[in-house]
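What follows is a single structure, written as C-alpha coordinates, with notes after it.
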Amino acid sequence: MYSGKARAYTNIALIKYWGKENQELIIPMNNSLSLTLDAFYTETNVTFSEDTSEDLFYLDNQLQDSKATLKVSRFLDLVRAKAGSSLHAVVKSQNFVPTAAGLASSASGLAALAGAASAALNLQLSSEELSRLARRGSGSACRSIYGGFAEWQKGDSDETSYAVNIPSDSFEDELSMIFVVVNDAQKDISSRDGMQRTVETSAFYDGWLQTVPQDLAKARKAITDKDFTALGEVTEASALKMHGTTLAATPPFTYWSAESMKAMNLIRQIRTSGLPCYFTMDAGPNVKILVERKNEEALLNALKDQFDPQQLVVAHAGPAIEVLSEEEA
Ligand code: DP6
(Lines give C-alpha, C1' and ligand atoms only; values in the text may rest on other atoms or scores of the structure.)
Protein backbone atom coordinates (compact mmCIF):
# COMPACT_ATOMS: atom_id res chain seq x y z
CA MET A 1 0.00 0.00 0.00
CA TYR A 2 1.45 3.33 -1.06
CA SER A 3 -0.20 6.54 0.12
CA GLY A 4 0.40 10.22 -0.43
CA LYS A 5 -1.43 13.36 0.50
CA ALA A 6 -1.38 16.97 -0.73
CA ARG A 7 -3.12 20.28 -0.22
CA ALA A 8 -3.07 22.73 -3.13
CA TYR A 9 -4.54 26.21 -3.32
CA THR A 10 -6.25 27.66 -6.34
CA ASN A 11 -4.80 30.46 -8.42
CA ILE A 12 -6.32 33.22 -10.53
CA ALA A 13 -4.52 34.38 -13.65
CA LEU A 14 -3.79 38.10 -13.89
CA ILE A 15 -2.40 37.54 -17.40
CA LYS A 16 -4.54 34.77 -18.84
CA TYR A 17 -3.70 31.41 -20.34
CA TRP A 18 -6.00 31.11 -23.34
CA GLY A 19 -5.29 28.53 -26.03
CA LYS A 20 -3.17 25.44 -26.54
CA GLU A 21 -0.43 24.76 -29.02
CA ASN A 22 -0.53 21.04 -28.13
CA GLN A 23 -3.76 19.69 -26.69
CA GLU A 24 -2.51 16.31 -25.60
CA LEU A 25 0.51 17.62 -23.70
CA ILE A 26 -1.23 20.88 -22.71
CA ILE A 27 1.43 23.20 -24.08
CA PRO A 28 -0.09 26.70 -24.15
CA MET A 29 0.04 29.32 -26.88
CA ASN A 30 1.18 32.02 -24.44
CA ASN A 31 2.80 32.49 -21.04
CA SER A 32 0.45 33.36 -18.17
CA LEU A 33 0.92 34.92 -14.73
CA SER A 34 -1.12 34.20 -11.62
CA LEU A 35 -1.70 34.84 -7.95
CA THR A 36 -2.26 31.82 -5.69
CA LEU A 37 -5.08 32.39 -3.18
CA ASP A 38 -5.71 31.16 0.35
CA ALA A 39 -9.51 30.90 0.31
CA PHE A 40 -10.00 27.89 -1.96
CA TYR A 41 -8.04 24.70 -1.77
CA THR A 42 -8.24 20.98 -2.38
CA GLU A 43 -6.94 18.21 -0.13
CA THR A 44 -6.34 14.86 -1.78
CA ASN A 45 -5.27 11.44 -0.55
CA VAL A 46 -4.15 8.80 -3.01
CA THR A 47 -3.59 5.17 -2.00
CA PHE A 48 -2.26 2.71 -4.56
CA SER A 49 -2.74 -0.91 -3.52
CA GLU A 50 -3.45 -4.41 -4.69
CA ASP A 51 -6.74 -4.28 -2.76
CA THR A 52 -8.52 -2.45 -5.58
CA SER A 53 -8.86 -3.72 -9.14
CA GLU A 54 -9.97 -0.34 -10.52
CA ASP A 55 -9.37 3.34 -9.73
CA LEU A 56 -12.01 4.81 -7.41
CA PHE A 57 -12.52 8.55 -7.02
CA TYR A 58 -14.37 10.15 -4.11
CA LEU A 59 -15.01 13.91 -4.19
CA ASP A 60 -16.34 15.45 -0.98
CA ASN A 61 -17.10 11.89 0.25
CA GLN A 62 -19.20 11.00 -2.81
CA LEU A 63 -18.09 8.22 -5.10
CA GLN A 64 -17.87 9.78 -8.60
CA ASP A 65 -19.32 8.43 -11.85
CA SER A 66 -17.28 6.78 -14.59
CA LYS A 67 -16.75 10.05 -16.51
CA ALA A 68 -15.14 11.90 -13.61
CA THR A 69 -13.22 8.77 -12.60
CA LEU A 70 -11.85 8.32 -16.12
CA LYS A 71 -10.25 11.79 -16.01
CA VAL A 72 -8.54 10.93 -12.73
CA SER A 73 -7.51 7.51 -14.06
CA ARG A 74 -5.95 9.01 -17.18
CA PHE A 75 -3.93 11.33 -15.00
CA LEU A 76 -2.89 8.47 -12.68
CA ASP A 77 -1.71 6.58 -15.79
CA LEU A 78 0.94 9.28 -16.27
CA VAL A 79 2.10 8.87 -12.68
CA ARG A 80 2.05 5.06 -12.93
CA ALA A 81 4.11 5.23 -16.13
CA LYS A 82 6.72 7.43 -14.44
CA ALA A 83 6.90 5.10 -11.44
CA GLY A 84 6.74 1.83 -13.38
CA SER A 85 3.68 0.76 -11.39
CA SER A 86 0.46 -0.93 -12.49
CA LEU A 87 -1.39 -0.61 -9.18
CA HIS A 88 -4.86 0.94 -9.06
CA ALA A 89 -5.69 3.64 -6.57
CA VAL A 90 -8.37 5.03 -4.31
CA VAL A 91 -8.43 8.83 -4.57
CA LYS A 92 -10.21 10.91 -1.95
CA SER A 93 -10.49 14.65 -2.55
CA GLN A 94 -12.12 17.41 -0.55
CA ASN A 95 -12.70 20.84 -1.99
CA PHE A 96 -12.61 23.64 0.56
CA VAL A 97 -14.60 26.59 -0.72
CA PRO A 98 -16.16 29.30 1.43
CA THR A 99 -19.60 29.09 -0.18
CA ALA A 100 -21.54 26.45 -2.04
CA ALA A 101 -21.52 28.69 -5.10
CA GLY A 102 -19.73 26.49 -7.57
CA LEU A 103 -16.27 27.95 -7.12
CA ALA A 104 -14.49 24.62 -7.20
CA SER A 105 -11.33 24.87 -9.22
CA SER A 106 -9.57 22.48 -11.53
CA ALA A 107 -6.29 24.24 -10.73
CA SER A 108 -6.26 23.24 -7.05
CA GLY A 109 -7.80 19.83 -7.78
CA LEU A 110 -5.28 18.70 -10.36
CA ALA A 111 -2.32 20.18 -8.50
CA ALA A 112 -3.35 18.30 -5.34
CA LEU A 113 -3.83 15.08 -7.33
CA ALA A 114 -0.39 15.47 -8.92
CA GLY A 115 1.22 16.10 -5.52
CA ALA A 116 -0.54 13.24 -3.71
CA ALA A 117 -0.13 10.63 -6.46
CA SER A 118 3.55 11.40 -7.07
CA ALA A 119 4.26 11.34 -3.31
CA ALA A 120 2.44 8.01 -2.96
CA LEU A 121 4.68 6.38 -5.56
CA ASN A 122 7.69 8.18 -4.11
CA LEU A 123 8.65 10.01 -7.30
CA GLN A 124 10.49 12.75 -5.38
CA LEU A 125 9.72 15.48 -7.90
CA SER A 126 11.21 18.96 -7.80
CA SER A 127 8.76 21.89 -7.97
CA GLU A 128 9.51 22.21 -11.65
CA GLU A 129 8.80 18.52 -12.29
CA LEU A 130 5.63 18.65 -10.20
CA SER A 131 4.49 21.71 -12.15
CA ARG A 132 5.06 19.83 -15.41
CA LEU A 133 3.07 16.87 -14.12
CA ALA A 134 0.16 19.01 -12.84
CA ARG A 135 0.07 20.76 -16.22
CA ARG A 136 -0.87 17.47 -17.87
CA GLY A 137 -4.06 17.40 -15.75
CA SER A 138 -5.10 21.00 -16.27
CA GLY A 139 -2.94 23.82 -17.59
CA SER A 140 -3.71 26.30 -14.83
CA ALA A 141 -2.82 23.64 -12.20
CA CYS A 142 0.88 24.01 -13.03
CA ARG A 143 0.83 27.46 -11.39
CA SER A 144 -0.72 26.17 -8.12
CA ILE A 145 2.57 24.51 -7.14
CA TYR A 146 3.77 27.91 -5.91
CA GLY A 147 2.54 30.43 -3.37
CA GLY A 148 2.20 34.09 -4.31
CA PHE A 149 2.88 35.01 -7.93
CA ALA A 150 3.75 32.40 -10.56
CA GLU A 151 4.47 32.53 -14.26
CA TRP A 152 3.81 29.57 -16.55
CA GLN A 153 6.56 29.61 -19.13
CA LYS A 154 4.96 28.09 -22.16
CA GLY A 155 8.03 26.34 -23.51
CA ASP A 156 7.65 24.14 -26.55
CA SER A 157 7.74 20.59 -25.19
CA ASP A 158 6.72 18.55 -22.15
CA GLU A 159 10.15 19.19 -20.62
CA THR A 160 10.16 22.96 -21.10
CA SER A 161 6.56 23.92 -20.23
CA TYR A 162 6.17 24.63 -16.48
CA ALA A 163 5.54 27.41 -14.01
CA VAL A 164 8.07 29.22 -11.82
CA ASN A 165 7.66 31.41 -8.80
CA ILE A 166 8.02 35.17 -9.34
CA PRO A 167 10.05 36.80 -6.54
CA SER A 168 8.00 39.67 -5.20
CA ASP A 169 9.40 40.78 -1.82
CA SER A 170 5.98 39.91 -0.31
CA PHE A 171 4.07 42.38 -2.51
CA GLU A 172 1.28 39.77 -2.66
CA ASP A 173 0.61 40.30 1.05
CA GLU A 174 -0.53 43.84 0.25
CA LEU A 175 -3.28 42.52 -2.03
CA SER A 176 -6.80 41.13 -1.69
CA MET A 177 -9.02 39.49 -4.23
CA ILE A 178 -12.77 39.76 -3.75
CA PHE A 179 -14.96 37.27 -5.60
CA VAL A 180 -18.38 38.45 -6.71
CA VAL A 181 -20.34 35.23 -7.09
CA VAL A 182 -23.10 35.91 -9.59
CA ASN A 183 -26.14 33.74 -9.73
CA ASP A 184 -27.39 33.92 -13.27
CA ALA A 185 -24.93 31.55 -14.90
CA GLN A 186 -25.69 30.58 -18.49
CA LYS A 187 -24.97 27.24 -20.09
CA ASP A 188 -21.41 26.23 -19.38
CA ILE A 189 -18.69 26.12 -21.99
CA SER A 190 -15.65 24.66 -20.25
CA SER A 191 -12.42 26.61 -20.43
CA ARG A 192 -10.97 23.68 -22.39
CA ASP A 193 -13.67 23.82 -25.08
CA GLY A 194 -13.92 27.61 -25.08
CA MET A 195 -10.22 28.20 -25.61
CA GLN A 196 -10.04 25.56 -28.34
CA ARG A 197 -12.95 27.04 -30.26
CA THR A 198 -11.32 30.45 -29.96
CA VAL A 199 -7.93 29.28 -31.22
CA GLU A 200 -9.53 27.56 -34.19
CA THR A 201 -12.08 30.17 -35.22
CA SER A 202 -11.72 33.58 -33.58
CA ALA A 203 -10.84 36.47 -35.86
CA PHE A 204 -9.38 38.20 -32.77
CA TYR A 205 -7.11 35.38 -31.60
CA ASP A 206 -4.00 36.71 -33.35
CA GLY A 207 -4.52 40.09 -31.72
CA TRP A 208 -4.66 38.36 -28.34
CA LEU A 209 -1.41 36.54 -28.92
CA GLN A 210 0.40 39.61 -30.21
CA THR A 211 -0.20 41.66 -27.08
CA VAL A 212 0.49 39.04 -24.39
CA PRO A 213 4.29 39.59 -24.28
CA GLN A 214 3.94 43.30 -23.54
CA ASP A 215 1.20 42.65 -20.96
CA LEU A 216 3.44 40.12 -19.23
CA ALA A 217 6.33 42.56 -19.19
CA LYS A 218 4.08 45.20 -17.62
CA ALA A 219 2.85 42.76 -14.99
CA ARG A 220 6.35 41.59 -14.07
CA LYS A 221 7.55 45.19 -13.77
CA ALA A 222 4.51 46.14 -11.66
CA ILE A 223 5.32 43.28 -9.28
CA THR A 224 8.98 44.31 -9.03
CA ASP A 225 8.01 47.97 -8.50
CA LYS A 226 5.11 47.04 -6.15
CA ASP A 227 2.98 49.26 -8.37
CA PHE A 228 -0.64 48.32 -7.67
CA THR A 229 -2.14 50.61 -10.31
CA ALA A 230 0.05 49.22 -13.06
CA LEU A 231 -0.70 45.63 -12.01
CA GLY A 232 -4.45 46.32 -11.81
CA GLU A 233 -4.58 48.03 -15.20
CA VAL A 234 -2.81 45.23 -17.01
CA THR A 235 -4.85 42.57 -15.18
CA GLU A 236 -8.14 44.11 -16.29
CA ALA A 237 -6.86 44.67 -19.83
CA SER A 238 -5.72 41.04 -20.15
CA ALA A 239 -9.11 39.73 -19.02
CA LEU A 240 -11.04 42.01 -21.37
CA LYS A 241 -8.86 40.99 -24.30
CA MET A 242 -9.27 37.31 -23.54
CA HIS A 243 -13.03 37.67 -23.31
CA GLY A 244 -13.03 39.74 -26.48
CA THR A 245 -11.68 36.78 -28.44
CA THR A 246 -14.78 34.70 -27.63
CA LEU A 247 -17.08 37.22 -29.32
CA ALA A 248 -15.31 36.69 -32.64
CA ALA A 249 -15.38 32.87 -32.48
CA THR A 250 -17.64 30.65 -34.61
CA PRO A 251 -20.14 30.18 -33.13
CA PRO A 252 -19.61 33.26 -30.94
CA PHE A 253 -20.00 32.97 -27.20
CA THR A 254 -19.43 34.87 -23.98
CA TYR A 255 -18.95 33.99 -20.33
CA TRP A 256 -20.47 37.31 -19.29
CA SER A 257 -23.95 37.49 -17.84
CA ALA A 258 -26.02 40.56 -16.99
CA GLU A 259 -24.82 40.29 -13.39
CA SER A 260 -21.18 40.14 -14.53
CA MET A 261 -21.71 43.38 -16.48
CA LYS A 262 -23.36 44.95 -13.47
CA ALA A 263 -20.34 44.05 -11.34
CA MET A 264 -17.83 45.32 -13.91
CA ASN A 265 -19.69 48.62 -14.27
CA LEU A 266 -19.85 49.06 -10.52
CA ILE A 267 -16.11 48.43 -10.21
CA ARG A 268 -15.42 51.10 -12.83
CA GLN A 269 -17.66 53.53 -10.94
CA ILE A 270 -16.00 52.78 -7.61
CA ARG A 271 -12.60 53.33 -9.25
CA THR A 272 -13.71 56.66 -10.74
CA SER A 273 -14.87 57.73 -7.29
CA GLY A 274 -11.29 57.31 -6.04
CA LEU A 275 -10.94 53.74 -4.74
CA PRO A 276 -8.42 51.84 -6.90
CA CYS A 277 -9.74 48.38 -7.86
CA TYR A 278 -9.66 46.26 -11.03
CA PHE A 279 -11.57 43.22 -12.21
CA THR A 280 -10.75 39.96 -13.90
CA MET A 281 -12.94 37.07 -15.12
CA ASP A 282 -12.34 33.47 -16.16
CA ALA A 283 -14.42 30.86 -17.99
CA GLY A 284 -17.59 31.69 -16.08
CA PRO A 285 -19.74 34.65 -15.02
CA ASN A 286 -18.10 35.35 -11.63
CA VAL A 287 -16.12 38.57 -11.31
CA LYS A 288 -12.92 38.79 -9.24
CA ILE A 289 -11.66 42.13 -7.99
CA LEU A 290 -8.05 42.99 -7.26
CA VAL A 291 -7.74 45.61 -4.52
CA GLU A 292 -5.12 46.72 -2.03
CA ARG A 293 -5.65 45.02 1.30
CA LYS A 294 -5.82 48.41 3.04
CA ASN A 295 -8.90 49.20 0.87
CA GLU A 296 -10.60 45.81 1.21
CA GLU A 297 -13.16 46.95 3.80
CA ALA A 298 -14.05 50.10 1.88
CA LEU A 299 -14.55 48.10 -1.30
CA LEU A 300 -16.70 45.50 0.47
CA ASN A 301 -18.89 48.31 1.82
CA ALA A 302 -19.28 49.81 -1.63
CA LEU A 303 -20.17 46.42 -3.13
CA LYS A 304 -22.71 45.65 -0.41
CA ASP A 305 -25.03 48.32 -1.81
CA GLN A 306 -25.57 46.22 -4.93
CA PHE A 307 -24.69 42.65 -4.00
CA ASP A 308 -25.75 40.33 -1.23
CA PRO A 309 -23.00 39.79 1.38
CA GLN A 310 -23.21 36.04 0.65
CA GLN A 311 -22.15 36.75 -2.93
CA LEU A 312 -18.87 38.29 -1.77
CA VAL A 313 -15.89 36.11 -0.89
CA VAL A 314 -12.58 37.60 0.25
CA ALA A 315 -9.26 35.92 -0.54
CA HIS A 316 -5.63 36.81 0.10
CA ALA A 317 -2.39 35.43 -1.28
CA GLY A 318 -2.02 31.73 -0.57
CA PRO A 319 0.89 29.36 0.04
CA ALA A 320 2.61 26.78 -2.12
CA ILE A 321 1.36 23.21 -2.41
CA GLU A 322 1.98 21.06 0.66
CA VAL A 323 2.87 17.45 -0.08
CA LEU A 324 3.16 14.78 2.59
CA SER A 325 4.97 11.58 1.84
CA GLU A 326 3.86 8.06 2.76
CA GLU A 327 5.11 8.03 6.34
CA GLU A 328 3.49 11.34 7.28
CA ALA A 329 0.20 10.76 5.43
C1 DP6 B 1 -9.66 31.30 -18.25
O2 DP6 B 1 -6.49 25.34 -16.93
O3 DP6 B 1 -8.99 25.11 -16.81
O4 DP6 B 1 -8.97 30.26 -16.23
O5 DP6 B 1 -5.70 23.35 -19.47
O6 DP6 B 1 -7.84 22.81 -20.60
O7 DP6 B 1 -7.55 22.25 -18.18
P8 DP6 B 1 -7.19 23.19 -19.32
O9 DP6 B 1 -7.79 24.61 -18.96
P10 DP6 B 1 -7.79 25.45 -17.61
O11 DP6 B 1 -7.95 26.92 -18.23
C12 DP6 B 1 -7.91 28.07 -17.47
C13 DP6 B 1 -8.32 29.23 -18.31
C14 DP6 B 1 -8.56 30.52 -17.55
C15 DP6 B 1 -7.31 31.39 -17.55
C16 DP6 B 1 -6.18 30.97 -16.65
O17 DP6 B 1 -6.39 30.37 -15.58
O18 DP6 B 1 -5.05 31.32 -17.02
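The values are calculated or read from the model by the stated rules, or taken from the named source; none is laboratory data. Here the structure is a predicted model, which is why all the values come from computation and not from measurement. Reconstructed Cβ throughout: ideal geometry from the backbone, glycine too, with neighbour counts over all protein chains shown. Note: areas computed on protein heavy atoms with side chains; ligands, DNA, RNA excluded. Shrake-Rupley method; radii C 1.70, N 1.55, O 1.52, S 1.80 Å.
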### Query
log₁₀ I(q)/I(0) of the stretch 253-307 at q = 0.25, 0.27, 0.30, 0.31 Å⁻¹, via Debye over equal Cα point scatterers, no solvent, to two decimals?
-1.01, -1.14, -1.30, -1.35
### Query
In straight Cα distance, which aspartates and glutamates are under 16 Å from LYS241, not counting same-chain residues fewer than 8 positions off?
ASP206, ASP215, GLU233, ASP282
### Task
Just give me a number: lysine pairs in the stretch 2-170, eight or more positions apart or cross-chain, with C-alpha atoms less than 27 Å apart.
17
### Task
For SER157, put the label point 7 Å out on the Cα→Cβ axis and report which residues of the stretch 128-145 keep their amide N under 14 Å from it.
none
### Message
What figure, in Å² to the nearest 10, do you get for the accessible area of THR254 with a 1.4 Å probe and non-protein molecules left out?
### Response
50
### Task
Beta carbons within 10 angstrom, averaged per residue: use that to sort the peptides 66-75, 128-137, highest first.
128-137, 66-75
### By accessible area with a 1.4 Å probe, ligands and nucleic acids excluded, highest first: order of HIS88, HIS316, HIS243
HIS88, HIS316, HIS243
## Note on the structure
1/(1 + (r/R0)^6) with r = Cβ-Cβ of LYS226 and ASN301, R0 = 25 Å, i.e. FRET efficiency to nearest 0.05, evaluates to 0.50
### Computed helical MRE - 222 nm, the chain, DSSP H runs ≥ 4 contributing -39500 (n - 2.57), nearest 500
-12000 deg cm²/dmol
### Message
So, taking all protein chains as they sit and a 1.4 Å probe, how much accessible area belongs to LYS82, in Å² rounded to tens?
### Response
110
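Pull up the DSSP beta bridges for the chain and report the antiparallel fraction as a percent, rounded to 5. Before the final figure, lay out the partial values.
Details: 53 of 57 bridges.
Once the DSSP bridges in the chain are tallied, antiparallel ones form about 95 percent.
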### Summary
With Rh as the Kirkwood radius over Cα pairs, the stretch 171-315 has Rg/Rh of 0.98
### Task
Give the angle, between 0 and 90 degrees and rounded to the nearest 10, that separates the Cα long axis of helix 191-201 from the longest principal axis of the Cα atoms of the chain.
70
### Message
If I histogram all Cα-Cα distances within the stretch 2-170 using bins 5 Å wide from 0, what percent of pairs lands in each bin?
### Response
2, 10, 18, 23, 20, 15, 9, 3, 1, 0
### Surface share of carbon and sulfur [accessible, 1.4 angstrom probe, percent] for the stretch 150-294
52
### Message
Rounded to the nearest 10 Å², what accessible area does ASP60 have for a 1.4 Å probe in the complete protein model?
### Response
60
## Note on the structure
Relative to the chain, whose Cα atoms define the longest principal axis, helix 66-83 and its Cα axis are tilted in degrees, nearest 10, by 70
### Message
Multiplying the sequence separation of SER190 and THR254 by 0.36 nm and subtracting their Cα-Cα distance, what value in nm do you get?
### Response
21.9 nm
### Message
I'd like to check one number: the per residue accessible area of the chain, probe 1.4 Å, reported in Å² as a whole number.
### Response
44
### Query
What percent of all Cα-Cα pairs in the chain falls in each 10 Å bin, counting up from 0?
6, 27, 34, 23, 8, 1, 0
